[in-house]
Amino acid sequence: MKIRALLIALLLLAPLLPAYAATPPKAGAICSKAGITKNYDGKKYTCIKSGKKLVWNKGVQISANPKPSASVSPREKTDPWVAASQEISEKLKASIPISANFDFLITSDANQLFSDHAKETLLKSAQFWGNTYSPSKTIPIAVGAPKSLESITKHLSNYSYSIPQWRLDELKNLKEDGMQLDVDAHPATDSVMYLVAGNQLSWLNVNMAKTMITHEYVHTVQVGLLKTRNGLIPCWSNEGSAIFYGNSIVAASNTNSDYLTLRNNWLAQLNFKNAIAGKSNNELLDLLKRSEEDFKVCAAPLRLGYSAGSLMTELLVAEHGHEKFVKWWVQSKNKNWKIAFKEVFGIEINDFYSNIAIPFLLKSSSTL
Ligand SMILES: [Zn+2]
């Protein structure tokens, strides 16, 4: 009886025995079955046949990378630029071409990069933004060189629009190595666009020209939604989003450009690294607040509305998605944009600046 009980106990234990009784594998020690593996002390050992014996091989080092925790959401796993640019790429793929009513004037002396790519690039932009804003009226668009200012103003005056005097003065003084691109609100047509670029812009390439054209269409969308060019949303969102969507839409529609290259190229052009270098977190917070409406911070010379603004847009799109970002604009039409920001993103704007944006801006700057 006693022996029998012992045998049963042993039989019950049998399946457990190899795991229990096995000594840690070490190279050359006997193992039980070819092909089985065992991890021990940072190495993975495999049981191999050596002559007539089965022995553990010498083992291979196991990677020390921890497995990602299951609680991390997919959006948090990747860098914001990856998530944000993927989102825009997917949205562009899912969009359908729209027949936007553009009335183009393209003068014969226009910068060739703009004259070659304006139509196709603007139609692609209109397609991307179709769900958000689809122009219901014909939008006049003038593409020309500084010398053709007269035909540009005439084209826009066909729609009863006249360029404001201060802007006209800038355009009159524009040289062949300069450019002025802008979109203005115009009740009769929603907006007007003029892309005036000289022919001696050695730094300009196809992708940059396309991102600039795409940038201007973002202003067309903003004006279409808000019916005004400035004031309802902070300057950094106005310009920063135009940079972000300019880069991401162009990257998504061209196989020969990638988002990160366009983004970092623009951050370099805008002198982002120098603009924030050596600043304390409190100074940065102050600058971000000022980039809401102080054009000297948002635009030249610091251009933080463009640079930091594009990164903050990237971050918001990565964490909340494109639709929510645009929802914030739409809600800002009828209420203060700060209140709309809290409602849409669930965080006070100053907490967003301090706790989320500034660490991200510093991290982004360090990788440039
Ligand atoms: Zn702009």
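The values are calculated or read from the model by the stated rules, or taken from the named source; none is laboratory data. Bear in mind the structure is a predicted one, so any value in this text is a computation, not a measurement. Cβ atoms come from the backbone with ideal geometry, glycine included; neighbour counts cover every protein chain shown.
Every residue in the range 299-354 that is more than 19 Å from Tyr245 (Cα to Cα) and of a type in the set (Lys, Arg), please.
Matches in the range 299-354: Lys333, Lys335, Lys338, Lys342.
Could you give every pair whose Cβ atoms fall below 6 Å, whose first residue belongs to the range 276-297 and is under 20 Å from Lys338 (Cβ atoms), and whose second residue is polar (S, T, N, Q) and not in a helix (DSSP H, G or I), counting only separations of at least 6 or pairs across chains?
Between residues of the range 276-297 that are under 20 Å from Lys338 (Cβ atoms) and residues that are polar (S, T, N, Q) and not in a helix (DSSP H, G or I), the close pairs are Val297/Ser291.
Of the residues in the range 167-179, how many are within 16 Å of the ligand (Cβ to nearest atom) and charged (D, E, K, R)?
Summing the residues that are within 16 Å of the ligand (Cβ to nearest atom) and charged (D, E, K, R) in the range 167-179 gives 2.
Just one of (1) away from the ligand (no atom under 16 Å from the Cβ); (2) in contact with a Cys (Cβ under 8 Å, 6 or more places away or on another chain); (3) polar (S, T, N, Q) trips up Asn264, so point out which.
Just one mismatch for Asn264, condition (2).
Okay, residues lined up against (1) within 11 Å of the ligand (Cβ to nearest atom); (2) assigned by TED's automatic domain parsing to the domain that holds Ala126; (3) within 19 Å of the chain's Cα centre (by Cα):
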| position | (1), (2), (3) |
| --- | --- |
| Val206 | no, yes, no |
| Met212 | yes, yes, yes |
| Val218 | yes, yes, yes |
| Val223 | no, yes, no |
| Lys227 | no, yes, no |
| Trp236 | no, yes, yes |
| Gly240 | yes, yes, yes |
| Phe244 | no, yes, yes |
| Asn247 | no, yes, yes |
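Take Ser253 and decide whether it is among the small types (Gly, Ala, Ser), more than 22 Å from Pro80 (Cα to Cα) and away from the ligand (no atom under 16 Å from the Cβ). Break it down into steps so the answer makes sense when it comes.
Details: among the small types (Gly, Ala, Ser): yes; more than 22 Å from Pro80 (Cα to Cα): no; away from the ligand (no atom under 16 Å from the Cβ): yes.
In short, no.
Is it the case, given these coordinates, that Ile163 is of a type in the set (Val, Ile, Thr), in the same structural domain as Lys210 (by TED's automatic domain parsing) and in a loop (DSSP other than H, G, I, E, B)? Before the answer, list the steps.
Working: of a type in the set (Val, Ile, Thr): yes; in the same structural domain as Lys210 (by TED's automatic domain parsing): yes; in a loop (DSSP other than H, G, I, E, B): yes.
So Ile163 fits the description; yes.
Can you pull out every residue in the range 180-193 that is among the aliphatic types (A, V, I, L, M), crowded, with 18+ Cβ neighbours inside 10 Å and more than 12 Å from the ligand (Cβ to nearest atom)?
Within the range 180-193, the subset among the aliphatic types (A, V, I, L, M) is 181, 183, 185, 188, 192-193.
After this cut, where a residue has to be crowded, with 18+ Cβ neighbours inside 10 Å as well, the list is 183, 185, 192-193.
Hits for the range 180-193 are Ala185, Val192.
Take Gln112 and decide whether it is under 20 Å from the mean Cα position of the chain (by Cα) and closer than 24 Å to Ile243 by Cβ.
Values: under 20 Å from the mean Cα position of the chain (by Cα): no; closer than 24 Å to Ile243 by Cβ: yes.
So Gln112 fails the test.
Name every residue in the range 291-335 that is acidic (Asp, Glu) and either more than 19 Å from Ser248 (Cα to Cα) or within 15 Å of the ligand (Cβ to nearest atom) (or both), in order of residue number. Talk me through it step by step, then tell me what you get.
Initial filter on the range 291-335 (acidic (Asp, Glu)): 292-294, 314, 319, 323.
Within the range 291-335, Glu292, Glu293, Asp294 meet the criteria.
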